[in-house]
Amino acid sequence: MDVVIIGSGAGGLTTASNIKKHDKNAKVTVITSDKYIAYSPCAIPYVIGEEIADFDTIIMHTPEDYKTKGIDVIVEAEVLDVISGENKVIYKKDGTETELKYDNLVLATGGTPFVPPIEGVTLDGVFKVRTIEDGQKITEWAKDTKNVVVAGAGAIGIEIAFGLKEIGLNVTVVEMVPQVFPRALDPDMAETVQKYLEEQGIKIILEKPVGKIIGNDKVEAVLVGEETIPAEMVIMSTGVRSNIELAKRAGCDIGRWAVLTNEKMQTSIPNIYAVGDCVEVIDAITMQNTLSPFGTTAVRQGKVAAKAIVKLEAEIKPVLNSMVSKIGKLEIGGTGMTETAAKMNGIEIVLGYSKALTRARYYPGGKPIYIKMVADKMTKKVIGCQIISEERVAERVDAMSVAISNGMTVEELANQEFCYAPPVSMVIDPIVFAAEDTLDKF
């Protein structure tokens with residue numbers, strides 16, 4: 001069996017490795033335009049901020065490593081066409097075009113940073129953040145930079161902003177909507193994050209877009225509303241768009257944003273599969289199509305696609321888009337629906353809150369922890385949760401993801417057993433406090 005995989009991100013390489021895991025005789029070829037493979041783009045801000053030593057550190061494997069597993073990875077190559085009727089792809093490397101036949105094809109083409117058509121966006125000193133090469137360029141340009149404007153206050157934008165602040169730059173974040181972390185947090189929780197960022201010396205401008213980037217050959221300033229902000233660098237962290245051109249060429253069905261697949265990651269063409277950022281998924285709360293641009297989702301999809309290709313049973317489950325981020329000392333996490341998203345989808349909700357500590361109140365070093373819980377008013381089921389603290393956020397987000405995925409009600413969660421020891425928790429977990437507060441409001 002010949003399998004060709006286009007793309008070397010988390011989804012593509014997971015699919016490749018798992019195909020070989022289940023079928024040692026499968027011939028697997030990965031084609032990618034990237035120079036570096038097997039790294040997490042999520043780590044780039046932490047290299048820029050010097051929390052991680054260098055970019056080499058975040059590269060987990062090389063093409064040679066995959067070769068030892070029997071996987072051929074062709075780097076710095078461009079796939080020109082997918083001819084699904086003939087089961088072949090055409091790619092170019094080093095100026096030479098090559099045809100490659102397949103029995104099964106996996107599209108793991110990912111996404112491309114969306115850069116709005118702002119005047120001055122092509123000036124030297126304007127960067128996007130997606131690849132190691134992007135990170136390397138930012139790091140080099142930052143050496144001669146004093147002031148930077150980051151457009152976009154999502155997780156990557158804020159992580160980049162903090163990293164650049166850590167290496168001594170004056171940082172301004174500009175966001176069109178009225179809050180930071182607009183997809184992951186509600187405004188009341190986002191205020192805590194914004195306050196922390198401003199205390200760290202980062203300027204936040206909300207409800208205004210970047211209007212113009214000013215300069216001759218390179219960035220000199222940024223116009224935001226009527227304010228001109230001095231800057232030698234601009235980071236465009238303004239979202240990602242799914243790469244679906246090859247899927248269109250192949251004749252795959254496309255949804256509102258990305259490629260449509262079934263629960264086995266199979267597209268409308270039976271021997272073509274798709275995984276990662278180029279795919280639409282099912283939201284676990286609304287059961288409607290959405291996007292899930294997370295490495296965790298791509299990895300799960302890759303495992304499912306690999307099993308489907310080798311004729312084993314597996315299905316991808318609907319997503320909650322669980323996330324976590326670390327900004328300096330602050331950890332920010334969430335899973336499921338925010339209050340804002342629930343109201344947009346016409347779901348009547350009940351909200352609960354808790355403010356507690358991460359350790360027993362008498363144990364040194366405990367940190368405040370803030371939890372917001374969202375429950376469906378009709379069913380009493382928990383449908384969302386947001387958590388902010390300086391420690392132990394990720395494991396609680398994961399616990400809430402399990403609870404929501406299993407349809408737990410706030411009453412069941414309020415009576416759920418949690419572990420306890422003074423150095424690591426309170427005798428009543430902060431999640432229980434939030435569930436009890438929610439339950440009291442029914």
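Ranking request for peptides 245-253, 329-337, 357-365: highest mean number of other beta-carbon atoms within 10 Å first, then the rest in descending order. List each step's numbers first, then the result.
Details: 245-253: 17.9, 329-337: 23.7, 357-365: 13.9.
Answer by packing, highest mean first, reads 329-337, 245-253, 357-365.
Taking amide hydrogens as modeled 1.01 Å from N in the peptide plane, which residues meet the under 5 Å criterion relative to Ala221, leaving out close sequence neighbours?
Amide H neighbours of Ala221: Ile214, Ala231.
Treat the count of other C-beta atoms within 10 Å as a stand-in for reagent exposure and order Trp257, Trp141 from fewest to most. It would help to have the intermediate numbers written out before the result.
Values: Trp257 15, Trp141 18.
Final ranking by Cβ density, sparse to dense: Trp257, Trp141.
Is the shape of the stretch 90-168 best called rounded, prolate or oblate, per the rule: a/c under 1.5 gives rounded, else a/b larger than b/c gives prolate, else oblate, with a ≥ b ≥ c the square roots of the Cα gyration tensor eigenvalues? Please list the in-between numbers first.
Details: a/c = 2.47, a/b = 2.18, b/c = 1.14.
It comes out prolate by the Cα gyration axes.
At a 10 Å Cβ-Cβ cut-off, how would you order Thr172, Thr32, Thr96, fewest neighbours first?
Working: Thr172 22, Thr32 26, Thr96 8.
Listing Thr172, Thr32, Thr96 from fewest to most nearby Cβ atoms yields Thr96, Thr172, Thr32.
What is the set of long-range amide H partners of Ile52 at a cut-off below 5 Å, with H atoms built 1.01 Å from backbone N?
Val47
Using θ = phi - 60° and the Karplus curve 6.51 cos²θ - 1.76 cosθ + 1.60, what whole-Hz ³J(HN,Hα) does each residue of the stretch 222-239 get, with Gly and Pro shown as x?
10, 8, 10, x, 9, 9, 9, 9, x, 6, 10, 8, 10, 9, 9, 10, 10, x
Below 15 angstrom from the Cβ of Pro117, what's the summed charge of the other residues (Lys, Arg +1; Asp, Glu -1)? It would help to have the intermediate numbers written out before the result.
On the way: positive: Lys128, Lys212, Arg241; negative: Glu119.
My count for the surroundings of Pro117 gives +2.
Can you list residues from other chains, or at least 5 along the same chain, whose modelled amide H is less than 5 Å from the amide H of Ile383?
Val374, Ala375, Asp376
Can you pull out the trypsin sites (Lys or Arg not before Pro) in the stretch 29-70 whose DSSP state is coil and whose Cβ has at most 12 other Cβ atoms within 10 Å? Walk me through the numbers before you get to the answer.
On the way: sites: Lys35, Lys67, Lys69; in loops: Lys35, Lys69.
In loop regions of the stretch 29-70 (DSSP not H, G, I, E or B), the sparsely surrounded trypsin sites (Lys or Arg not before Pro) are Lys35.
Could you give each residue of the stretch 362-369 its phi-based ³J(HN,Hα) in whole Hz, using Karplus coefficients 6.51, -1.76, 1.60 with θ = phi - 60°, and x for Gly or Pro?
Karplus values, whole Hz, x for Gly and Pro: 8, 8, x, x, x, 10, x, 10.
For the stretch 54-111, state which GluC sites (Glu not before Pro) are in a DSSP loop and have at most 14 other beta carbons lying within 10 Å of their beta carbon. Each step should come with its number before you reach the end.
On the way: sites: Glu64, Glu76, Glu78, Glu86, Glu97, Glu99; in loops: Glu76.
Answer by residue number: Glu76.
For the chain, what proportion of DSSP beta bridges, expressed in % and rounded to the nearest 5, is antiparallel?
60 percent
Fewest to most neighbouring Cβ within 10 Å: what's the order for Thr109, Thr192, Thr122? Don't jump to the answer; show the numbers that get you there.
Working: Thr109 28, Thr192 18, Thr122 9.
Sorted ascending by nearby Cβ count, the order is Thr122, Thr192, Thr109.
As a test of understanding, state the convex hull volume per residue of the stretch 299-442 from its alpha carbons, in Å³.
Details: hull volume 19.7 nm³, N = 144.
For the stretch 299-442, the hull spanned by Cα atoms encloses 137 Å³ per residue.
Near Lys203, within a Cβ-to-Cβ distance under 15 Å, what is the net charge of the other residues, with Lys and Arg +1 and Asp and Glu -1? Provide the component values of the computation, followed by the final result.
On the way: positive: Lys146, Lys165, Lys195, Lys208; negative: Glu175, Glu198, Glu199, Glu207, Glu227.
It works out to a net charge of -1.
Rounded, prolate or oblate: which fits the chain when a ≥ b ≥ c are the square roots of the eigenvalues of the alpha-carbon gyration tensor, with rounded for a/c under 1.5 and prolate only if a/b beats b/c? Please report the intermediate quantities before stating the final value.
Values: a/c = 1.81, a/b = 1.19, b/c = 1.52.
Cα axes put the chain in the oblate bin.
If one computes P(r) from the Cα atoms of the stretch 115-236, what percent of pairs lie at distances over 24 Å? List each step's numbers first, then the result.
Numbers: 1489 of 7381 pairs.
Pairs farther apart than 24 Å: 20 percent.
Among residues other than Phe181 whose Cβ falls under 14 Å from its Cβ, what is the net charge (Lys/Arg +1, Asp/Glu -1)? Kindly include the intermediate steps, with their values, before the conclusion.
Values: positive: Arg183, Lys195, Lys326, Lys372; negative: Glu159, Glu175, Asp186, Asp188, Glu191, Glu331, Glu339.
Neighbour charge sum, excluding Phe181 itself: -3.
Filter Lys24/Lys67; Lys165/Lys329; Lys143/Lys326; Lys303/Lys372 down to the pairs with a C-alpha to C-alpha distance above 22 Å, please.
Numbers: Lys24/Lys67 13 Å; Lys165/Lys329 14 Å; Lys143/Lys326 24 Å; Lys303/Lys372 33 Å.
Pairs exceeding the cut-off: Lys143/Lys326; Lys303/Lys372.
What ³J(HN,Hα) values, in whole Hz, does the Karplus curve 6.51 cos²θ - 1.76 cosθ + 1.60 give for the stretch 15-22 when θ = phi - 60°, with x put for Gly and Pro?
Listing the rounded values in order: 4, 4, 5, 6, 4, 5, 4, 8 Hz.
Taking Cα centroids, how far is the stretch 267-292 from the stretch 377-435 in Å?
28 Å
Only the coordinates and a few stated rules stand behind these numbers; no lab work does. Keep in mind the model is a prediction, meaning the values are calculated, not measured. No Cβ is skipped: glycine too gets one built from the backbone with ideal geometry, and neighbour counts run over all protein chains shown.
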